[in-house]
Amino acid sequence: DLACPTYSTLISPYAGTVQQPGEGIDVASIMCGGVQVNPGDIIFGDGDGVLVGSAETFSTCLHEAENIVAVEQQLIKGMKMGISLHKMTNFDEHIKKRKEGKESKIEFK
């Protein structure tokens, strides 16, 4: 049993009826939730939202997504050990640089 609804992992062509067999798979783009979905696009959704894109688009993002997952796993591990998010960032160094007028961004250690 899956914890979320699963509708299809394959193409589901319009079958029509016995008297009107239909014309098979529609190869036109559609608009869904204000986003253009093209034939062959990958649609992925979870509790955070829905992503739509071509295989090429997803392949360019895959490495960065894997990095995000690795950082999140480290954060969860740290929190389970009782370490605060504050201590797992460069927050103090960031504030110091910003007060000096230097560029900085908060990052996880």
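Among the residues that make up the stretch 26-34, is at least one of them modelled with pLDDT of 85 or more and part of a loop (DSSP other than H, G, I, E, B)?
yes
Would you tally the residues in the stretch 82-109 being open to solvent by less than 100 Å² (accessible area, probe 1.4 Å) and in contact with a Leu (Cβ under 8 Å, 6 or more places away or on another chain)?
Residues that pass the stated criteria total 2.
Determine if the stretch 47-59 includes at least one residue that is assigned to a strand (DSSP E or B) and open to solvent by 100 Å² or more (accessible area, probe 1.4 Å).
yes
Please verify whether the stretch 73-81 includes one or more residues that are open to solvent by less than 90 Å² (accessible area, probe 1.4 Å), under 30 Å from V37 (Cα atoms) and in a helix (DSSP H, G or I).
No, that holds for no residue.
The values are calculated or read from the model by the stated rules, or taken from the named source; none is laboratory data. Quick caveat, the model's predicted, so the values are computed rather than measured. Counting neighbours? That spans all protein chains shown, and the Cβs are built from the backbone with ideal geometry, glycine included. Surface areas here come from the heavy atoms of the whole protein model, side chains and all, with no ligands, DNA or RNA. Shrake-Rupley method; radii C 1.70, N 1.55, O 1.52, S 1.80 Å.
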